[in-house]
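Enquirer: I'd like to ask you about the structure that follows.
The values are calculated or read from the model by the stated rules, or taken from the named source; none is laboratory data. Nothing here was measured: the structure is a model prediction, and the numbers come from that model. Neighbour counts run over all protein chains shown; Cβ positions are idealised from the backbone, glycine included.
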Amino acid sequence: MLIDNKVSMQTTNLESFLDRTTPLAPSQFLSKSEARKLNKLWHPCEREKVDYFVLADLWSSFDEWSAYGAGVPIASEDGQNLIQYFVPYLSAIQIFTSSSSANCLREETDSVSETRDSFSDSFSDESESEKLSRWEGCSSEEGICELDLWHQNDRLGNLYLEYFERSSPYGRVPLTDKISSLAQSHQGLMSLRSVDLSPASWMAIAWYPIYHIPTGRTNRDLQTCFLTYHTLSSSFQGMNMDLNHRPRKTKEGKSISLPPFGLASYKMQGDVWLSDENGLDRERMASLLSVADSWLKQLRVQHHDFNYFMGMRHG
């Protein structure tokens, strides 16, 4: 992946980060017959061409970043041009699918099915509220929680996979390694398409700084860590939910861009990432943080990294 080391005079450091950490997935097109079968609740607008991406291709876009870091060109406060590198880690993910997709995916492995059946049977005598409460609090060593038949919702879909990272940054593995690990028991993490996913499907990526070029005196603000939130569903495809951000231009039909709709940060101690003289970066940060907070509240999700970032900001 070639990186342009120059920072445009019209591009702020925050814009550069958002741009250079936006994943791109190769685009494919549905046949007309397949497009007619799409869930109308999730895809209300009929389009002449419906493009989508396969999750496996999305994860492939993180290969180089996971190995070497994503290079973000920035201008330091003293005017020096730098490339700051960040390594991506999977912070959280929820994948909701349609009933038909869920039925196929339930047959992935006998061990997963047996675990789900025994889990469902053990709570068959509980009330609906007790089951929901227990589901919201359930967890495993991998941080995975699967949804059973009692919590289906036409709009949300069927929860196929949920994962929340709780390890310290030093105990985590890069995103592609974590995805490979989760995919061993959840093959849909590779085979599902964006058109198979409900609008409630999302992921959060934690970006931790590793080094900058050229090396030299350490700038405290270059230690800033970020959380970016991305939708995984085609329902929001083509929508730029951050109206102040100008995403990278892509050739039509070649790739699909997944710009972040939410953002959180901590260890932001200076103005390197708030370099816009008109205060637009600060407004954008506040807006993206508010959207991330609202998203988690709507899904009634406790996102460990988000709570930690907020605690660090206000602690």
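Enquirer: Out of the residues in the stretch 185-237 that are free of Cβ contacts under 8 Å to residues at least 60 places away in the same chain and closer than 19 Å to residue 94 by Cβ, state the one that is surrounded by the most Cβ atoms within 10 Å (Cβ to Cβ).
Expert: If we take residues in the stretch 185-237 being free of Cβ contacts under 8 Å to residues at least 60 places away in the same chain and closer than 19 Å to residue 94 by Cβ, then 231 is surrounded by the most Cβ atoms within 10 Å (Cβ to Cβ).
Enquirer: Anything in the stretch 160-181 that is of a type outside the set (Gly, Ala, Ser) and more than 15 Å from the chain's Cα centre (by Cα)? List them, or say none.
Expert: 160, 166, 169, 170, 172, 173, 177
Enquirer: Then there's this: What do you reckon, is residue 128 modelled with pLDDT of 55 or more and either surrounded by fewer than 12 Cβ atoms within 10 Å (Cβ to Cβ) or within 25 Å of residue 263 (Cβ to Cβ) (or both)?
Expert: So residue 128 does not fit the description; no.
Enquirer: Of the residues in the stretch 271-298, how many are surrounded by fewer than 14 Cβ atoms within 10 Å (Cβ to Cβ), assigned to a loop (DSSP other than H, G, I, E, B) and either among the small types (Gly, Ala, Ser) or in contact (Cβ under 8 Å) with a residue 24 or more places away in the chain (or both)?
Expert: 2
Enquirer: Does the stretch 158-178 hold any residues that are part of a loop (DSSP other than H, G, I, E, B) and closer than 26 Å to residue 200 by Cα, and which are they?
Expert: Answer for the stretch 158-178, where residues must be part of a loop (DSSP other than H, G, I, E, B) and closer than 26 Å to residue 200 by Cα: 165, 166, 167, 172, 173, 174.
Enquirer: Looking only at the stretch 239-279, filter to residues that are touching an Asp or Glu at 6+ places or on another chain (Cβ under 9 Å) and β-branched (Val, Ile, Thr); which one of those is modelled with the highest pLDDT?
Expert: It comes out as 256.
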